[in-house]
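Let me begin by presenting the structure, written as C-alpha cells, before commenting on it.
The values are calculated or read from the model by the stated rules, or taken from the named source; none is laboratory data. Please read all numbers here as calculations on a predicted model, not as lab measurements. Glycine also receives a Cβ, built like all others from the backbone with ideal geometry; neighbour counts cover every protein chain displayed. Protein only, heavy atoms only, side chains kept; ligands, DNA and RNA dropped before computing areas. Shrake-Rupley method; radii C 1.70, N 1.55, O 1.52, S 1.80 Å.
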Amino acid sequence: MVNIGIIGCGYWGPNLLRNFNSLSNCRVKMAAELDDSRILYLNQKFPSVRTTKNYKDLFANEIDAVVIATPPTTHYAMAKEALTHKKHLLVEKPLAMNSVDAQELIDLAAQNMCTLMVGHTFEFNAAVRTMKKYVQSGEVGKPYYIYSQRLNLGIIRRDVNALWNLAPHDISILLYLFEKMPVSVSARGYAFIQPGIEDLIFMTLQFPDDLVAHVHVSWLDPNKVRRMTLVGSKKMVVYDDTSDAKIKIYEKGITKANINESLGRYDDFGEFQLMKSAGNVVFPKIDFIEPLGVECANFIDAITNQTKPLTDGENGLRVVRILEAAQKSLENSGQTIELAESHVLIFPNEIQRE
C-alpha cells in the first residue's frame, strides 16, 4: 500500500486525488492547500484525507510518494525538497522551468532511488495511442506534416505564458508519436492582455526526415479546440479530443508515380504524375478509459515494481528542452533555434504499445 500526499488541490489536484483514491494499492493520506474554500471542499468531499496549509507536513515518514500540482514556477523547489526527503514523486507539467533544474531533479531522484514521473497525461490517452499505432505501423505512409490546436477562452495565467502552460501537452504527444527529438524549433507569440506574457503562440518544430510540426496554442479564443491533424502519403489522421469520434482515419493521400516505372526513367514530364487516392473515412473503435487514471496507476506500479514510468524524468527533460528553445526563439523575434542532433527516443515502459 503506497501512501500518497498531494500538494496543491485547486484546479487539477482534486482530479489526481480522485483517481489515486480509486486504486486499490494506494491511498491518499494528506493534501496540502492554501485556499480555505478548497480545504473546506476537500474535507467534505474526501473526509478520510487529512488537510494542511503547510506542504512540508507531507514529508513525514508515513508518506511514501508526493504529487505536486502547483503553479509551474514552484515545481522545481518543491520537487527538490520532496526528493531530498526521499519521496517518490509525480510532478505536473512542466517538470521545471529550465533544463538545468530538470536534470538536477533527475540526478537527485536517481541518487535517492526515488521514482520520478511527470504528468504528461496525453501519453496515456487511448486515442493518442491509437494514432501512434497508425504512425508506427506505416499505415499512414511517410508522415509529411502534423499540426495541432489547443485553444480555449480559459484560465489566463500570470506566472507563465501560453507556451509553458499549454504547449507541453502537444510537445509530449509529438515526441510520443514519432519517438524522435526535433532538430530545430522556432516560435512567435503575442501578448494582448498582460505585457510580457504571451496569450497566443505559434510554434514550428522541424523533425528529421523532413517532417514538420506546427503547434498553435492560446487561452484567448472563442472556441475550445483540442485537435491534431497528421497528413501522410497514404492516409491522414485527425485526433479530436473534444469529439465523440476521437480518431478519424481518412484513406486518402497523394503519392508520386512513374508511368514508365519499369524503365526507371522519365522520358518526359507526362511520365511523372502525382497520384491522388481517396477512400473511406474510418472511425476506429477506442475503449476509452480516463487517461489520468491510467497515469496514476502507472506511477504506483513503477513504485511497487521498481520500474520506470512511461513519462519519467528524462521524458520531462526532453519537453523542457524544447520549451526552453521555443522561449528563446520568442525572445529573439522567431529565430530558429537548433537543438542537439536528433536521436531515437526509448520509452521506458511499453504501456503505450498495449
When you look at Pro47, is it surrounded by fewer than 20 Cβ atoms within 10 Å (Cβ to Cβ) and within 13 Å of Gly8 (Cα to Cα), yes or no?
no
Examine region 301-308 for a residue that is under 30 Å from Ser22 (Cα atoms), among the small types (Gly, Ala, Ser), at pLDDT 95 or above and touching a Pro at 6+ places or on another chain (Cβ under 6 Å), and state whether such a residue exists.
yes
Note: among Asn332, Asn298, just one is modelled with pLDDT of 95 or more, open to solvent by less than 20 Å² (accessible area, probe 1.4 Å) and either under 10 Å from Met117 (Cβ atoms) or in a loop (DSSP other than H, G, I, E, B) (or both), namely Asn298
Which residues, taken from region 237-252, are part of a strand (DSSP E or B) and in contact with a helix residue (DSSP H, G or I) (Cβ under 8 Å, 6 or more places away or on another chain)?
Val237, Tyr239, Ile247, Ile249
Does region 191-205 contain any residue that is polar (S, T, N, Q), surrounded by 16 or more Cβ atoms within 10 Å (Cβ to Cβ) and assigned to a loop (DSSP other than H, G, I, E, B)?
no
Picked from region 219-245 (must be over 21 Å from the mean Cα position of the chain (by Cα) and basic (Lys, Arg)), the residue surrounded by the most Cβ atoms within 10 Å (Cβ to Cβ) is Lys235
